[in-house]
Structure formats: C-alpha cells, structure tokens
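Notes follow once the structure below has been shown.
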Amino acid sequence: MTTQEKLETIVKILDSKKAEDIQVIGITNLTIIADYFIIATGTSTTQVKSLADEVEFRLGEQGVEPRGIEGIRSANWIVLDYDDIVVHVFYGDTRGEYQLEKLWADGEKVDISHLLIDEGGPQ
C-alpha cells in the first residue's frame, strides 16, 4: 500500500466512524518523523478508542500494522505510528490543549475534502 493509499484509507475510516475535524498535515520537509500527520477528534474517550481501533483493524486486514500505539489506556490522545503516517486521535479538550496544528503550522495542509462524505466527497 502506497503512502497516498494509506492516507486516503485512514481518512475515510475516520470519517465513516464520525470523527470530527479531520486534518492532514504534510511534514516531509520539516522532519524525518513521518511524511504526514493525520489529526482527528472524538466526542468521548469511548469514541476516541473506537476510532483508533477501527483504523488499526481495517489497515491490519490489508496487512498494514502500526509500528507502535500509545495512549490506549487514557484514550484522551491515541497515537498510531505507521512510519510514513502518524495518526493522532484526540478527545476534544485534549486536542485543544496540545494544538498540534499550531505546532506544525509550517507543514502543508492537505486538502482532503474530496475524501469526506459530509463535505461533498464520495457517498
């Protein structure tokens, strides 16, 4: 699975499970950590865990396993590390505290509107 296919798959999974405010930031030119951050919000810690679990499960079905997962216990901020893509699933208040979008403001904001069902993307 290419990086682009993985990115699109993750965004669609998060969107299908009603994640809020999904953002993709290209960080290739800023760091060697990854090529992209995907940031999403859940409305409860239960939803945060469900979102992360669904991404892990559905990618796992395609033979893509995370290098690491952090934050499962608290479910306020779960990080799934897929080498080239790092997925951050936040509970709303926690996302506001850390403001990753501001920390990585020099990154490239990727337009994902065509991938989102609620914003005119595929049905």
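For every residue, the table says whether it meets (1) over 13 Å from the mean Cα position of the chain (by Cα); (2) of a type outside the set (S, T, N, Q); (3) under 19 Å from Gln4 (Cα atoms).
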{"residue": "Ile32", "(1), (2), (3)": "yes, yes, yes"}
{"residue": "Ile39", "(1), (2), (3)": "no, yes, yes"}
{"residue": "Thr43", "(1), (2), (3)": "yes, no, no"}
{"residue": "Val64", "(1), (2), (3)": "yes, yes, yes"}
{"residue": "Val86", "(1), (2), (3)": "no, yes, yes"}
{"residue": "Glu97", "(1), (2), (3)": "yes, yes, no"}
{"residue": "Lys102", "(1), (2), (3)": "yes, yes, no"}
{"residue": "Asp106", "(1), (2), (3)": "yes, yes, no"}
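State whether one or more residues within the stretch 4-18 are at pLDDT 95 or above, of a type in the set (A, V, I, L, M, F, W, C) and part of a loop (DSSP other than H, G, I, E, B).
Within the stretch 4-18 (the criterion being at pLDDT 95 or above, of a type in the set (A, V, I, L, M, F, W, C) and part of a loop (DSSP other than H, G, I, E, B)), the answer is no, since none of the residues qualifies.
Return the residues of the stretch 78-115 that are touching a His at 6+ places or on another chain (Cβ under 9 Å) and at pLDDT below 95; say none if nothing qualifies.
The initial filter retains those residues of the stretch 78-115 that are touching a His at 6+ places or on another chain (Cβ under 9 Å), namely 78-80, 95, 98, 100.
Arg95, Tyr98, Leu100 - these are the residues of the stretch 78-115 that are touching a His at 6+ places or on another chain (Cβ under 9 Å) and at pLDDT below 95.
The values are calculated or read from the model by the stated rules, or taken from the named source; none is laboratory data. Predicted, not measured: the structure shown is a model, and the values here were computed from it. FYI the Cβ positions are ideal-geometry reconstructions off the backbone, even for glycines, and counts take in every protein chain you see.
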